[in-house]
Amino acid sequence: MVALQTTRIKLRELEPKDWQAVSDYASDLEVVRFMNWGPNTKEDTKNFIKRAIVTRTAKPRQSYSLAVVLKEENKLIGGCGITISDPDNREGWIGYVFNRHYWGRGYATETARALIAFGFRQLGLHRIYATCDPANTASARVMEKGGMQCEGHFREKMCVKGTWRDVLVYAILDHEWAKTKMANVT
């Protein structure tokens, strides 16, 4: 079982009881505006959590879908994950999504940094990447604060909800991360 902590949040495995809090953000049109999924129905959310729980038993485990919980209030405010996308080349990707009532408070940056540290320290990854729509400047900023560099702008890379979208790709390498102040934080 994965349990990570930062100063203000903890990242833990999703549980069936989390469905309502997850549904609160996963069904919000503003929250899912840049996502390639959603808005989710309650059933979609319950099924997502069931799939996340099943992935825990994979040997070797390659996908980690986690709840983002405020430590002081023990309140679920978002979700995140890291997936090993290319085990042979030790590459993985991260993602995050938050209830909009918690935007702009640095929780996404804390989450991204914790996922990156977990990916390099515990999973032994060499490269971690993330993507976003170029219009999602807040997400791009989170990736930059996590030490990631923009590697490319892919034009009309994905058809999302019937519309072709550009995609920005950000990444960080293990040796780059090791040189940052973030690598020295436990």
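If the chain between residue 47 and residue 86 were fully stretched, how many nm would it gain, using 0.36 nm times the residue separation less the Cα-Cα distance?
That works out to 11.5 nm of additional length.
Mean residue ellipticity at 222 nm from the helices of the chain, using -39,500 (n - 2.57) per DSSP H segment of n ≥ 4 over the full residue count, to the nearest 500 deg cm²/dmol?
My calculation for the chain gives -8000 deg cm²/dmol from helical runs alone.
Count the lysine pairs in region 3-184 whose Cα atoms sit under 23 Å apart, keeping only pairs 8 or more residues apart in sequence or on different chains.
21
If the chain between residue 101 and residue 121 were fully stretched, how many nm would it gain, using 0.36 nm times the residue separation less the Cα-Cα distance?
4.1 nm
With a sphere of radius 14 Å drawn around the Cβ of residue 16, what net charge do the other residues whose Cβ falls strictly inside it have (Lys, Arg +1; Asp, Glu -1)?
Every neighbour counted, the sum reads +3.
If you take the square roots of the eigenvalues of the alpha-carbon gyration tensor of region 3-184 and sort them as a ≥ b ≥ c, do you get rounded (a/c under 1.5), prolate (a/b over b/c) or oblate?
rounded
Which is farthest toward the positive dipole end of the chain among 177, 66, 3, measuring Cα position about the Cα centre, with Cβ charges +1 (Lys, Arg) and -1 (Asp, Glu)?
Result: 3.
The numbers here are math on the coordinates, done by the rules we state, and not lab data. Every value quoted in this text rests on a predicted model; they were computed, and no experiment measured them. Positions of Cβ are backbone-derived with ideal geometry, glycine not excepted, and every protein chain shown enters the neighbour counts.
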